[in-house]
Amino acid sequence: MLMKQLSSLLLCVLLLLAACKPKKAPVQEEAAQHDSSLLAVTDSSNAGVTDSIAAVTDTLRVDTAKLIGKWIQPVAGLDKEMQGFQLRKNGTARSINMYTLVYEKWTLNNDTLFLWSHSEGVKDTSAVVDTTIIRELSDTSLVLFPLKAAEGYTDRYRRSH
């Protein structure tokens, strides 16, 4: 799970950097006629990069109160072991059975869940914000689509008491 989150974070950072990259001013035609080094070159650095937020068009109406509680899922390869997170009313969050990933706080914006965390026991302990779209939410289940994941991938959790 930690490797998935780290690779998801890296993809998110790259998307943010690409989105925040300032646009180059167009080269003036007159100068380009006199100096071939000033020929306009199309910037393809964003080729193939899609805006994950724009790609998600259907938004779910989320009741914040339904998110409060413990959400767990099986640990990959250890189906009898469970892991997840707890969301508290005061906006704090905590990890469940994830000892190197420490959740700190959470917030909801429409159908987007933001979870702040940091890693312990590893060299890089910088804070991370997991950004996920809530695809399904009921009294017993929660389905999340991490923005950094491939289309169609979801994380499925069940409520724990």
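The values are calculated or read from the model by the stated rules, or taken from the named source; none is laboratory data. Everything numeric in this text was worked out from a predicted model, so none of it was measured. Cβ coordinates were reconstructed from backbone atoms using ideal geometry, including for glycine residues, and neighbour counts include every protein chain displayed.
So, of the residues in the range 72-85 that are within 15 Å of ASP155 (Cα to Cα) and not small (Gly, Ala, Ser), which turns out to be modelled with the lowest pLDDT? Among residues in the range 72-85 that are within 15 Å of ASP155 (Cα to Cα) and not small (Gly, Ala, Ser), the one modelled with the lowest pLDDT is ASP79.
When the range 133-153 is limited to residues that are assigned to a loop (DSSP other than H, G, I, E, B) and surrounded by 14 or more Cβ atoms within 10 Å (Cβ to Cβ), the one that is farthest from the chain's Cα centre (by Cα) turns out to be ALA149.
A search for C-beta distances below 9 Å between a residue of the range 139-161 that is in contact (Cβ under 8 Å) with a residue 40 or more places away in the chain and of a type in the set (Asp, Glu) and any residue that is part of a loop (DSSP other than H, G, I, E, B) and surrounded by 15 or more Cβ atoms within 10 Å (Cβ to Cβ), counting only pairs 6+ apart in sequence or on different chains, returns ASP155/ALA149. What number of residues in the range 93-138 are within 18 Å of GLN83 (Cβ to Cβ) and small (Gly, Ala, Ser)? Residues in the range 93-138 being within 18 Å of GLN83 (Cβ to Cβ) and small (Gly, Ala, Ser): 5 in total. Here ARG159 passes the criteria (1) part of a strand (DSSP E or B); (2) more than 16 Å from the chain's Cα centre (by Cα); (3) over 22 Å from LEU60 (Cα atoms); (4) not β-branched (Val, Ile, Thr) except the one numbered (3).
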